[in-house]
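These notes are about the structure you will find just below.
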Amino acid sequence: MSENNIILTGDRPTGPLHLGHYVGSLKTRVRLQNTGEYEPFVMIADLQALTDNAENPEKIRQNILEVTLDYLAAGLDPSKTTIFVQSHIPALTELPMYYSNLVTMSRLERNPTIKQEIKLRNFERSIPVGFMTYPISQAADITAFRAKYVPVGEDQLPMLEQAREIVSSFNRIYKCDILVEPEAILPDSSSCNRLVGTDGSAKMSKSLGNCIYLRDDEKTIKQKVMSMYTDPTHINVSDPGHTEGNPVFSYLEAFATDELFAEYGGDYKSLDEMKEHYERGGLGDMKCKKLLNNVMQETLAPIRARREEYAKDKGALLEMLKKGTEHAAEVSNETLSLVRKAIGIDYFNDADFIERFVK
Ligand code: TRP
């Protein structure tokens, strides 16, 4: 492999995808896919979803095709991107077994994303082992495809750090250069990296009920935008307001492209000008929300239309997913057999083993 342009990323199918997924990673995937310069793999991470949903596999079953539809709706094209299901890829259950011997408990416990997720789920000490070790499984997801690039939001950086450590330990210990150190491709603005919830909390998350979903209809979007949290100190229109930490402005930053702003921004030449007015006082929340609603409707209408089109033939959808999964299994099996050889456990095909121990 002279030039490595492989991309891998994925999502847990625990619910439909929302705007946080969209600006954090989906949009980047579609952009990179359409350059034609990469070989992208996108994975429905059902194994990872099971790490904290073992008792509720039905939730995951319900979301496999939903997430697939969200992918296609957002613009992923199965003729350019391999879309596949994690649980059907043998390498993704086998590689973590080898990698887990290269990672210490204390290293896992230091992972800031894991720490935060444990808190969020109130696990205390009753953490499923599979959940605790999912960063190792995620390292397998990436390395099985020898992916160089991983488009993610910044909350996934600790996972990439862990993956790089595993790669370097593996290549050093087994004296090879099979595994590739991956790097993250982050969105370029901070409001995209960590899209806040409609209630103003730090993260858009299904369990917090503060999401706008890619599949939401026009009415739902409008209702969610109009009831969004803003600046609680901005009581009268004439009061000075805060744009920092104000989700309406975070969303405008993330979604109001120059074209959309030119179309709906009214008297304002730029978002900065509008922010200034809000901070100075004299600009009401209603006006800002109306602008945001227009921007969101324009952004989501084509996505929803594509979704409805693809949803007409679920059989074709399943077939596409199956084909993608077969291709992904093939590609990752190559890595798996190299890994077995490197460790020295490929007994039945290893000439050196046969020479020394059989003949
Ligand atoms: N942890 C990711 C999330 O919660 C999903 C994921 C699983 C992933 N495997 C991956 C992301 C590999 C990037 C690369 O969204």
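Condition first: more than 30 Å from P96 (Cβ to Cβ) and charged (D, E, K, R). Now tell me which residues in the range 179-216 satisfy that.
If the condition is that a residue be more than 30 Å from P96 (Cβ to Cβ) and charged (D, E, K, R), then D188, D199, R215, D216 are the ones that fit.
Check whether at least one residue in the range 204-222 is modelled with pLDDT under 95 and touching a Leu at 6+ places or on another chain (Cβ under 6 Å), and report yes or no.
Yes, the range 204-222 contains a residue that is modelled with pLDDT under 95 and touching a Leu at 6+ places or on another chain (Cβ under 6 Å).
Look through K148, K59, K119, K115 and report the one residue that is farther than 26 Å from V180 by Cβ and at pLDDT 95 or above. Spell out the reasoning first.
Working: K148 fails: farther than 26 Å from V180 by Cβ; K119 fails: at pLDDT 95 or above; K115 fails: at pLDDT 95 or above.
Step by step, each of K148, K59, K119, K115 is checked, and only K59 is farther than 26 Å from V180 by Cβ and at pLDDT 95 or above.
Looking at the range 245-284 only, could you name the residues that are without any contact (Cβ under 8 Å) to a residue 40 or more places away in the chain and outside any helix (DSSP H, G or I)?
Hits for the range 245-284 are A256, T257, G265, G266, D267, Y268, K269, S270.
Could you tell me which of the residues E244, E273, E279 is open to solvent by 60 Å² or more (accessible area, probe 1.4 Å) and under 27 Å from S25 (Cβ atoms)? Don't jump to the end; show me each part of the working.
On the way: E273 fails: under 27 Å from S25 (Cβ atoms); E279 fails: under 27 Å from S25 (Cβ atoms).
Step by step, each of E244, E273, E279 is checked, and only E244 is open to solvent by 60 Å² or more (accessible area, probe 1.4 Å) and under 27 Å from S25 (Cβ atoms).
Check the range 294-313 and report whether any residue there is more than 24 Å from the chain's Cα centre (by Cα) and over 28 Å from F261 (Cα atoms).
Scanning the range 294-313, I find at least one residue that is more than 24 Å from the chain's Cα centre (by Cα) and over 28 Å from F261 (Cα atoms), so the answer is yes.
Of the conditions (1) in a helix (DSSP H, G or I); (2) in contact (Cβ under 8 Å) with a residue 60 or more places away in the chain; (3) away from the ligand (no atom under 14 Å from the Cβ), I178 clears all except one; give me its number.
For I178, the failing item is (1).
State yes or no: is F348 open to solvent by less than 100 Å² (accessible area, probe 1.4 Å), of a type in the set (F, W, Y), farther than 27 Å from P40 by Cβ and part of a helix (DSSP H, G or I)?
Numbers: open to solvent by less than 100 Å² (accessible area, probe 1.4 Å): no; of a type in the set (F, W, Y): yes; farther than 27 Å from P40 by Cβ: yes; part of a helix (DSSP H, G or I): yes.
Here the answer is no, as F348 does not meet what is asked.
This table checks each residue for (1) modelled with pLDDT of 95 or more; (2) within 23 Å of C192 (Cα to Cα); (3) in contact with a Phe, Trp or Tyr (Cβ under 6 Å, 6 or more places away or on another chain).
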site: M228; (1), (2), (3): yes, yes, no
site: H234; (1), (2), (3): no, no, no
site: M296; (1), (2), (3): yes, yes, no
site: I303; (1), (2), (3): yes, yes, no
site: E308; (1), (2), (3): yes, no, no
site: A311; (1), (2), (3): yes, no, no
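Just one of the numbered conditions (1) among the hydroxyl-bearing types (S, T, Y); (2) over 25 Å from T14 (Cα atoms); (3) open to solvent by less than 80 Å² (accessible area, probe 1.4 Å); (4) touching a residue at least 24 places away in the same chain (Cβ under 8 Å) is not true of S238; which one?
Single failed check for S238: (3).
Give K119, K80, K115 a once-over and let me know the one that is over 28 Å from K341 (Cβ atoms), in contact with a strand residue (DSSP E or B) (Cβ under 9 Å, 6 or more places away or on another chain) and among the basic types (K, R). Walk me through it before giving the result.
Values: K119 fails: in contact with a strand residue (DSSP E or B) (Cβ under 9 Å, 6 or more places away or on another chain); K115 fails: in contact with a strand residue (DSSP E or B) (Cβ under 9 Å, 6 or more places away or on another chain).
The unique qualifying residue is K80.
Just the residues that are among the polar types (S, T, N, Q), more than 15 Å from the chain's Cα centre (by Cα) and under 17 Å from A328 (Cβ atoms), please, taken from the range 47-80.
Passing the criteria: only S79.
The values are calculated or read from the model by the stated rules, or taken from the named source; none is laboratory data. Bear in mind the structure is a predicted one, so any value in this text is a computation, not a measurement. Here the Cβ is made from the backbone with ideal geometry for all residues, glycine too, and neighbour counts use every protein chain on show. Just the protein is used for accessible areas: all its heavy atoms, side chains included, with ligands, DNA and RNA removed. Shrake-Rupley method; radii C 1.70, N 1.55, O 1.52, S 1.80 Å.
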